[in-house]
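Below: one structure, written as structure tokens.
Laboratory data are not the source of any read-out in this text; all were calculated from the coordinates shown. Since the model is a prediction, treat every value here as computed from it, not as a measurement. Don't worry about glycine lacking a Cβ; one is built from the backbone with ideal geometry, like all the others, and counts go over all protein chains shown.
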Ligand SMILES: Cc1ncc(COP(=O)(O)O)c(C=O)c1O
């Protein structure tokens with residue numbers, strides 16, 4: 001009795017692993033991308049104030065104007081993107097709320113959507129929901145898992161409508177260089193392709209190059225939709241708040257659709273988001289510097305394990321080691337590691353075919369947990385080579 005679209009949107013493979021361990025407090029969980037920090041106090045306080053001050057009713061479908069204005073300031077300051085608060089920005093239920101709406105308003109049945117593989121699982125699902133045809137752009141280990149324009153160019157057809165960019169990338173931590181971003185922008189202009197920039201990890205950068213945001217390139221402004229999330233940057237995954245900036249015709253269509261789907265994101269979370277983007281940013285700096293240390297720790301530890309090959313990821317809070325030397329499918333390896341060591345990882349193939357041969361470990365967990373996981377993996381994995 002279920003409608004056809006249920007069949008072609010797959011269930012998340014990450015959740016499959018996560019659900020397996022839900023009642024197992026004994027395991028060392030490195031699966032979900034949730035920072036282990038708490039939402040900063042001044043953001044929580046802004047939410048409490050919002051309740052007390054009566055910001056508890058429906059808002060504009062694009063979000064409160066003062067919240068949008070605060071986000072416009074943030075975009076100018078951090079991303080060099082200019083936006084009109086009245087027509088070019090909307091508040092959404094997390095980055096996810098924006099990603100799905102953007103696909104629904106841009107993609108027609110049969111349109112091809114280029115997306116990164118390995119990549120965030122919902123990019124594929126959203127293109128399918130919009131009845132588009134997802135087309136994989138492989139991210140390669142030898143390119144540090146950054147996207148490369150030549151790999152996109154090979155896959156462009158007359159049906160290509162949209163390109164999804166995600167740098168830093170989930171699950172690999174790969175960062176696309178500014179040189180490639182410029183080449184990709186040129187390709188999109190030449191072939192009339194729209195760009196959906198998933199900036200969920202915009203702040204989690206450990207390379208020296210300051211990122212170039214596609215939405216800040218003047219010629220790209222009328223074909224770029226950029227998606228921002230408060231989830232990771234301010235440890236607000238449960239608040240479900242994000243924002244989306246783009247040309248007024250696209251944002252207008254998304255706001256109209258949002259009205260019919262969830263009306264708007266929660267009023268209280270919107271006010272908290274305003275406090276997050278316009279308040280002190282030292283909480284973000286402290287979190288990033290902790291993640292940088294953990295990244296170094298986990299990369300060093302993993303590369304010392306016989307059979308593993310890994311380079312330090314340029315961003316996000318995931319590491320994506322090559323485990324192909326063990327000769328076991330990544331899903332089976334995850335199960336073996338869980339059974340033998342109690343460390344919970346995610347199989348690379350959960351993020352697309354090009355993820356086979358890799359594992360994802362999230363290091364947004366305590367240093368103690370990382371150290372314990374490394375020592376258990378070091379004791380077990382080399383035995384698979386004997
Ligand atoms: C690449 C990427 N985009 C978007 C999201 C969605 O984030 P949220 O909806 O919590 O803002 C995630 C969450 O893990 C992600 O990894």
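Using helices alone, what [θ] at 222 nm do you get for the chain, with -39,500 (n - 2.57) per DSSP H run of 4 or more residues, divided over all residues and rounded to the nearest 500?
Numbers: 13 runs with 149 residues, N = 386.
For the chain, the value works out to -12000 deg cm²/dmol.
Between residue 73 and residue 353, the distance separating the two model label sites (each 7 Å from Cα on the Cα→Cβ line) works out to 4.9 nm. Distance distribution P(r), the chain, all Cα-Cα pairs, bin width 20 angstrom from 0: 29, 58, 13, 0 percent.
Extending 7 Å from Cα along the Cβ direction at residue 158 and again at residue 15 yields two label points whose distance is 3.9 nm. Mind checking the angle between helix 178-191 and the chain's longest principal axis? C-alpha axes, 0 to 90 degrees, to the nearest 10. With rounding to tens, the tilt is 60 degrees. In terms of the mean number of neighbouring beta-carbon atoms within 10 Å, the peptides 277-288, 66-77 order highest first as 66-77, 277-288.
Could you put 205, 251 in order, starting from the residue whose Cβ has the fewest other Cβ atoms within 10 Å? Could you put the intermediate results ahead of the total?
Numbers: 205 18, 251 24.
Going from sparsest to densest Cβ surroundings: 205, 251.
Beta bridges per DSSP, both residues in segment 41-278: antiparallel share near 30 percent. Taking all Cα pairs closer than 8 Å and separated by 6 or more residues, the relative contact order of segment 175-230 comes to 45 percent.
Starting with the highest mean, order 126-132, 373-379, 187-193 by the number of other Cβ atoms within 10 Å, averaged over the residues of each peptide. Don't skip to the end; give the middle numbers.
Numbers: 126-132: 21.3, 373-379: 18.1, 187-193: 15.9.
Per-residue Cβ counts within 10 Å, averaged per peptide and sorted highest first, yield 126-132, 373-379, 187-193.
The simple spin-label model puts a point 7 Å past each Cα toward its Cβ; for residue 328 and residue 261 those points are separated by 3.9 nm. State whether segment 101-159 is rounded, prolate or oblate according to the following rule on the C-alpha gyration tensor (a ≥ b ≥ c being the square roots of its eigenvalues): a/c under 1.5 gives rounded; otherwise a/b larger than b/c gives prolate, and the remaining case gives oblate. It comes out oblate by the Cα gyration axes.
Computed extension gain for residue 24 through residue 129, at 0.36 nm per residue and net of the alpha carbon distance, reaches 34.4 nm.
Could you work out the Rg to Rh ratio of segment 231-302, with Rh taken as the Kirkwood radius (inverse of the mean 1/r over all Cα pairs)? Could you put the intermediate results ahead of the total?
Numbers: Rg = 16.9 Å, Rh = 14.9 Å.
Here the Rg-to-Rh quotient is 1.14.
Taking square-rooted eigenvalues a ≥ b ≥ c of the alpha carbon gyration tensor, is segment 186-257 rounded, prolate or oblate, where a/c under 1.5 means rounded and, failing that, a/b exceeding b/c means prolate?
On the way: a/c = 3.00, a/b = 1.20, b/c = 2.50.
It is oblate, given that a/c is not under 1.5 and a/b is not larger than b/c.
Assign one of three labels to segment 47-107, namely rounded, prolate or oblate, based on the Cα gyration tensor with a ≥ b ≥ c the square roots of its eigenvalues; rounded applies when a/c is under 1.5, prolate when it is not and a/b is larger than b/c, and oblate otherwise. It is oblate, given that a/c is not under 1.5 and a/b is not larger than b/c.
Report, to the nearest 10°, how far helix 330-341 tilts away from the longest principal axis of the Cα atoms in the chain, using its own Cα long axis and a range of 0 to 90°. Its long axis makes an angle of about 60 degrees.
Relative contact order of the chain, please, whole-number percent, based on alpha carbon pairs below 8 angstrom and at least 6 residues apart. Write out the running numbers ahead of the final one.
On the way: 757 pairs, mean separation 90.8, N = 386.
That works out to 24 percent.
All Cα-Cα distances of segment 1-121, cut into 10 Å bins from zero to the largest, leave 9, 24, 31, 28, 9, 0 percent in each bin in turn.
Computed on segment 135-229, with alpha-carbon pairs under 8 angstrom and 6+ residues apart, the relative contact order is 27 percent. Helix 367-380 and the long axis of the chain differ in direction by around 40°, with both axes built from C-alpha atoms.
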